[in-house]
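The values are calculated or read from the model by the stated rules, or taken from the named source; none is laboratory data. Since the model is a prediction, treat every value here as computed from it, not as a measurement. Here Cβ is always computed from backbone atoms with ideal geometry, including for glycine, and neighbour counts include all displayed protein chains.
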């Protein structure tokens, strides 16, 4: 009986190893930004995204989901996709803005915390095909992709401080908005797909390999804009349906 109780109190190792790796990526990004290594900080956040994408899938594949894993994953996401991007862009470009830059970074961090809390409370009832608000990993990709591109291109940070502040606030607000984003969770990865989809993936990998910092930023930007367009299209469709019903 005692041995069985110990087994129940244990945690699954494999998925939590990937979650820990993602957490380490976020922690490393913060330390790297503090020492002025912004390219390394951005890459660390992207690695954390990759790990975050794996831990849940591995848990489902190995049937090792647990309440502990969900809570741990959420806390790790807050560090890697909430605090780390906010601190990275603050150190890189927002300091010259003074209190405005501080507020912009905080809005992003608070937006990530609220986004994760809302996602956890709606996990059982929300439509799996869509995210309500920009997902925190996508928002982090937008922020650190901008930092990586700017650092790679040796931009004068003081010249783009206001642009960086606007992007930071916009990403934070999009996370807590009601804008709907395609989650791609309805994609059947085991089934057959048209040839052009494989070709599209190859093209995307090729473009990213040519200029990782710039392409990853534009991919994140395109996804952020896609949710706004999707929401506007859905609102327009609903209005048309209501109008047809009243006519």
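The lone criterion from (1) at pLDDT below 80; (2) outside any loop (DSSP other than H, G, I, E, B) left unmet by residue 26 is number (1). Residues in the range 30-48 that are in a loop (DSSP other than H, G, I, E, B) and either on the phi < 0 side of the Ramachandran plot or in contact with a strand residue (DSSP E or B) (Cβ under 7 Å, 6 or more places away or on another chain) (or both): 2 in all.
Among helices (runs of 4 or more DSSP H) entirely within the range 52-147, having at least 2 residues that are under 18 Å from residue 24 (Cβ atoms) singles out 67-77, 84-89.
In the range 122-153, of all residues being in contact with a strand residue (DSSP E or B) (Cβ under 9 Å, 6 or more places away or on another chain) and touching a residue at least 40 places away in the same chain (Cβ under 8 Å), the one that is surrounded by the fewest Cβ atoms within 10 Å (Cβ to Cβ) corresponds to 129.
For residue 227, the stated conditions hold: it is part of a helix (DSSP H, G or I), in contact with a strand residue (DSSP E or B) (Cβ under 7 Å, 6 or more places away or on another chain) and surrounded by 10 or more Cβ atoms within 10 Å (Cβ to Cβ).
Out of 36, 56, 22, one residue alone is farther than 19 Å from residue 212 by Cα, surrounded by 14 or more Cβ atoms within 10 Å (Cβ to Cβ) and out of contact with any helix residue (DSSP H, G or I) (no Cβ under 6 Å at 6 or more places or on another chain). It is 56.
The single residue among 207, 200 that is more than 18 Å from the chain's Cα centre (by Cα) and either closer than 27 Å to residue 132 by Cα or modelled with pLDDT of 85 or more (or both) turns out to be 200.
Considering only the range 154-179, how many residues are part of a loop (DSSP other than H, G, I, E, B) and touching a residue at least 40 places away in the same chain (Cβ under 8 Å)? Count: 3.
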